[in-house]
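Here the structure is laid out as structure tokens; the discussion comes afterwards.
The values are calculated or read from the model by the stated rules, or taken from the named source; none is laboratory data. A quick note: this is a predicted structure, and the numbers were derived from the prediction, not measured. A quick note on method: Cβ atoms are made from the backbone with ideal geometry, for glycine too, and the neighbour counts reach across all protein chains shown.
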Protein chains: 2
Amino acid sequence: MQKGKASLALEHPAYVTASASIAGKKEGEGPLKSGIDVVEQDPMFGAETWEEAESAMQKQAADLALEKGDIHRKDIRYLFAGDLLGQLIATSFGTVDLEIPLFGLYGACSTIGEALSLGAMCVDAGHADRVLAVASSHYATAEKQFRFPLGYGNQRSQSASWTVTGCGAVVLSKEEPGRMAKDQAQVRITGITTGRMVDLGVKDSMNMGAAMAPAAWDTIQQNFEDFGVDELHYDKIITGDLGTIGQKVLLDFAKNKGHDLSEKHMDCGIEIYDCEAQDMHAGGSGCGCAAVTLCALILPKLLEGTWRRVLFLPTGALLSTVSYNEGQSIPGIAHAVVLERFVPTAGRKEEGGAVS
Amino acid sequence: MQKGKASLALEHPAYVTASASIAGKKEGEGPLKSGIDVVEQDPMFGAETWEEAESAMQKQAADLALEKGDIHRKDIRYLFAGDLLGQLIATSFGTVDLEIPLFGLYGACSTIGEALSLGAMCVDAGHADRVLAVASSHYATAEKQFRFPLGYGNQRSQSASWTVTGCGAVVLSKEEPGRMAKDQAQVRITGITTGRMVDLGVKDSMNMGAAMAPAAWDTIQQNFEDFGVDELHYDKIITGDLGTIGQKVLLDFAKNKGHDLSEKHMDCGIEIYDCEAQDMHAGGSGCGCAAVTLCALILPKLLEGTWRRVLFLPTGALLSTVSYNEGQSIPGIAHAVVLERFVPTAGRKEEGGAVS
């Protein structure tokens, strides 16, 4: 059902039937290490180029999600997937062997939010019984493409983020009572708020948090408005990769509009690393940042009941080296989904609701 | 309603409420000149860089489609858009001012097919009353990115295609009886077949038609299988940009499977130029190729009643210069929509049906 300007309340929520995360060594040394399914020590993932490495990681994450859910790839109707590379080559070569009808997506680091949104919309509509949402990034492919050759040893500014080597894969399904064990908690997507681009003129590609924060706030306030709620409605409001500087900007934006998000806000870019001990500067970024944090931290916290309703909004900075070098600014975008805990035996009653 | 492996029969077809095409000088000198809404003689579209030129063209096409349909941008719920450039910068900077919630798509030259598919799925589901689908390409941005600097004057192989400078924008809406004049024909999307990647190992980026033809056939045969039809069901089966060589490959593939497509097949890449007189080698390509041909030729032919049911399947070659230079092959993909003529007074009866 359409809600307000840019949101949907799903009549038939999409259930997270399975999920998997694969990440690199540095991510495996951070706070999420116990939640990440596979930490790969070899940054090449056994491949010969960085791009093939990222593709291998996507393939591995997709396969593992299917395996964990005991789902055959023939039972996935659509694949919604993307990455940061020009022409989505990590996705193309990573998922071609799955032979699943593909919708290729580009939302910069917001891609897993875009994929979950479109995937859940398909499930809600009955257009698909089961879809797979995948997004990845790799530190080396991103540095090579957007910044400097690794061997150059370029010094990084304090506001810069570190591209996560990681991939998250999530299977979304219609309600499948046969697969739901009694009393076993589920996570489902019950609402969607689709982001529009917001460009306040930030031009510093080494400070993408500042470029994305206005878009994050735009989507959050749109979600509040469309559903007639505020921050009290959620246990957590979790952005993708604003990092420490972007987080400050977001909290300031919200405060100026009378919303105190300080207790509710989390950012995947801050959670995925121990930013100080690991010397990660502003935090993590990349499509894999939100995707891995979703699978390794957010879904488990919902399943165990620490949180019951989360607004999850991966954030993207829409730049390329061409646009940057031509003096263009960096529009931001943020795609939000409402993740809710649901326990089948609770009389189909929604478990969501703020704990505070 | 899900049909077979990869198709949907739309319970609530999506109506093409308005469309617009903008193209460059060379496209305006070709066979579609009278159908293209605006032929821009200035390849820079008044901008300072090629990329800004492509963005300006996207903006102009989107604005014109809305104007032609007498629709305010606030009445468009979602924008589905993409282009060929790394990180979709033509789209980002072209559509940011529209302030419409955006799903960024990458399907190479199949993008308008992907956009129409997802847009129609949204309309069918009631997730949106009205969406806008946009795809563009620009000869100079594509050459700069994928091939050689224009000033280098590189010689082109005979199998190479020419990237279309053009943009097509299409408004899809739910049935709006109030907007439908009696006896006035409409075009609507009634079915969708979503492509999967097909990679037969073609590695020649100057022969993309051959790389895409297997994917085109895969989607066509999937459409036939899912809907239980064959080529007789359609007045035309129109691919995006296979060009003259890709067309031969497609017809051969079909023939080997017992299907004679020779009378039914058309290719936007062949239609958009007078390939011989304009010396276009294999034909046109780029996201703009199928998008402009749709708006300037296919929709008019349906509206005037020359055709009543068309299978329209833009085709994409999933390569980047990185993947190409690393020796990867070129997977193809093709996203099909079924376009049908519909006349409101005909008792809501479908007008579709093969003429032969």
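The set of residues in segment A:1-34 that are within 29 Å of residue A:124 (Cα to Cα) and more than 11 Å from chain B (Cβ to nearest Cβ) comprises A:13, A:14, A:15, A:16, A:17, A:18, A:19, A:20, A:21, A:22.
Taking the criterion of being more than 14 Å from every other protein chain (Cβ to nearest Cβ), within 21 Å of the chain's Cα centre (by Cα) and of a type in the set (A, V, I, L, M), the residues of segment B:180-216 that qualify are B:187, B:206, B:210, B:213, B:216. Return yes when residue B:112 is more than 8 Å from every other protein chain (Cβ to nearest Cβ), under 19 Å from residue B:173 (Cβ atoms), in a loop (DSSP other than H, G, I, E, B) and not small (Gly, Ala, Ser) and no when it is not. In short, no. Only one of these is of a type in the set (Lys, Arg), more than 10 Å from chain A (Cβ to nearest Cβ) and within 24 Å of residue B:239 (Cα to Cα): B:130, B:147. Name it. Only one candidate qualifies: B:147.
Per the conditions (1) under 20 Å from residue A:76 (Cβ atoms); (2) surrounded by 23 or more Cβ atoms within 10 Å (Cβ to Cβ), the sole criterion not satisfied by residue A:175 is (2).
Residues that are acidic (Asp, Glu) and in contact with a strand residue (DSSP E or B) (Cβ under 7 Å, 6 or more places away or on another chain) were ranked within segment A:5-51; the one that is farthest from residue B:72 (Cα to Cα) is A:40. One residue stands out in segment B:63-80 among those that are away from chain A (no Cβ under 13 Å) and part of a helix (DSSP H, G or I): the one that is surrounded by the fewest Cβ atoms within 10 Å (Cβ to Cβ), namely B:67.
Among the conditions (1) in a helix (DSSP H, G or I); (2) more than 14 Å from chain B (Cβ to nearest Cβ); (3) surrounded by 24 or more Cβ atoms within 10 Å (Cβ to Cβ), residue A:141 misses just one, which is (2). Hey, could you check segment A:327-338 for residues that are under 19 Å from the mean Cα position of the chain (by Cα) and part of a loop (DSSP other than H, G, I, E, B) and say which is nearest to the other protein chains (Cβ to nearest Cβ)? It comes out as A:331.
Checking each residue of segment B:284-301 against the condition of being out of contact with any Ser or Thr (no Cβ under 7 Å at 6 or more places or on another chain) and within 14 Å of another protein chain (Cβ to nearest Cβ) gives no match.
Just one of the numbered conditions (1) more than 10 Å from every other protein chain (Cβ to nearest Cβ); (2) of a type outside the set (A, V, I, L, M, F, W, C); (3) buried (at least 24 other Cβ atoms within 10 Å of the Cβ); (4) touching a helix residue (DSSP H, G or I) at 6+ places or on another chain (Cβ under 6 Å) is not true of residue B:119: (4). Being out of contact with any helix residue (DSSP H, G or I) (no Cβ under 8 Å at 6 or more places or on another chain), surrounded by fewer than 21 Cβ atoms within 10 Å (Cβ to Cβ) and within 14 Å of chain B (Cβ to nearest Cβ) is a condition met by no residue of segment A:259-279. Is at least one residue of segment B:20-38 under 29 Å from residue B:196 (Cα atoms), touching a Cys at 6+ places or on another chain (Cβ under 8 Å), surrounded by 21 or more Cβ atoms within 10 Å (Cβ to Cβ) and modelled with pLDDT of 95 or more? Taking every residue of segment B:20-38 in turn, at least one turns out to be under 29 Å from residue B:196 (Cα atoms), touching a Cys at 6+ places or on another chain (Cβ under 8 Å), surrounded by 21 or more Cβ atoms within 10 Å (Cβ to Cβ) and modelled with pLDDT of 95 or more. So which residues in segment A:8-27 are under 18 Å from the mean Cα position of the chain (by Cα) and not acidic (Asp, Glu)? Answer for segment A:8-27, where residues must be under 18 Å from the mean Cα position of the chain (by Cα) and not acidic (Asp, Glu): A:14, A:15, A:16, A:17, A:18, A:19, A:20, A:21, A:22, A:23, A:24.
When you look at residue B:343, is it within 27 Å of residue B:143 (Cα to Cα), among the hydrophobic types (A, V, I, L, M, F, W, C) and over 22 Å from the mean Cα position of the chain (by Cα), yes or no? Spelling it out, it is not the case that residue B:343 is within 27 Å of residue B:143 (Cα to Cα), among the hydrophobic types (A, V, I, L, M, F, W, C) and over 22 Å from the mean Cα position of the chain (by Cα). The residues of segment A:42-52 that are surrounded by fewer than 24 Cβ atoms within 10 Å (Cβ to Cβ) and either touching a residue at least 40 places away in the same chain (Cβ under 8 Å) or part of a strand (DSSP E or B) (or both), listed by number, are A:43, A:52. Only one entry of B:129, B:124, B:83 meets the criterion of being of a type outside the set (Lys, Arg) and surrounded by fewer than 19 Cβ atoms within 10 Å (Cβ to Cβ), and that entry is B:129. Got at least one residue in segment A:278-289 being assigned by TED's automatic domain parsing to the domain that holds residue A:184 and without any contact (Cβ under 8 Å) to a residue 40 or more places away in the chain? Yes: segment A:278-289 contains one or more residues that are assigned by TED's automatic domain parsing to the domain that holds residue A:184 and without any contact (Cβ under 8 Å) to a residue 40 or more places away in the chain. The residues of segment B:67-79 that are in contact with a Ser or Thr (Cβ under 9 Å, 6 or more places away or on another chain) and farther than 11 Å from residue B:130 by Cα, listed by number, are B:68, B:69.
Of all residues assigned to segment A:217-228, none qualifies as being at pLDDT below 95 and either more than 20 Å from residue A:105 (Cα to Cα) or over 16 Å from the mean Cα position of the chain (by Cα) (or both). Looking across segment B:81-109 at every residue that is assigned to a loop (DSSP other than H, G, I, E, B) and within 15 Å of the chain's Cα centre (by Cα), the one that is nearest to the other protein chains (Cβ to nearest Cβ) is identified as B:106.
Per-residue answers, yes or no, for (1) closer than 14 Å to residue A:162 by Cα; (2) out of contact with any Phe, Trp or Tyr (no Cβ under 7 Å at 6 or more places or on another chain); (3) touching a residue at least 40 places away in the same chain (Cβ under 8 Å); (4) not aromatic (Phe, Trp, Tyr):
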site: A:258; (1), (2), (3), (4): no, yes, no, yes
site: A:268; (1), (2), (3), (4): yes, yes, yes, yes
site: A:276; (1), (2), (3), (4): yes, yes, no, yes
site: A:296; (1), (2), (3), (4): no, yes, yes, yes
site: A:300; (1), (2), (3), (4): no, yes, yes, yes
site: A:303; (1), (2), (3), (4): no, yes, yes, yes
site: A:307; (1), (2), (3), (4): no, yes, yes, no
site: A:310; (1), (2), (3), (4): no, no, yes, yes
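When B:131, B:96, B:123 are screened for being more than 16 Å from residue B:22 (Cβ to Cβ), touching a Cys at 6+ places or on another chain (Cβ under 7 Å) and either of a type in the set (Lys, Arg) or modelled with pLDDT of 95 or more (or both), only B:131 passes.
Within segment A:178-197, the residues that satisfy the criterion of being among the hydrophobic types (A, V, I, L, M, F, W, C) and surrounded by fewer than 22 Cβ atoms within 10 Å (Cβ to Cβ) are A:180, A:181, A:185. Scanning segment B:302-326 for residues that are polar (S, T, N, Q) and either assigned to a helix (DSSP H, G or I) or under 27 Å from residue A:91 (Cβ atoms) (or both) returns B:315, B:320, B:321, B:323, B:325.
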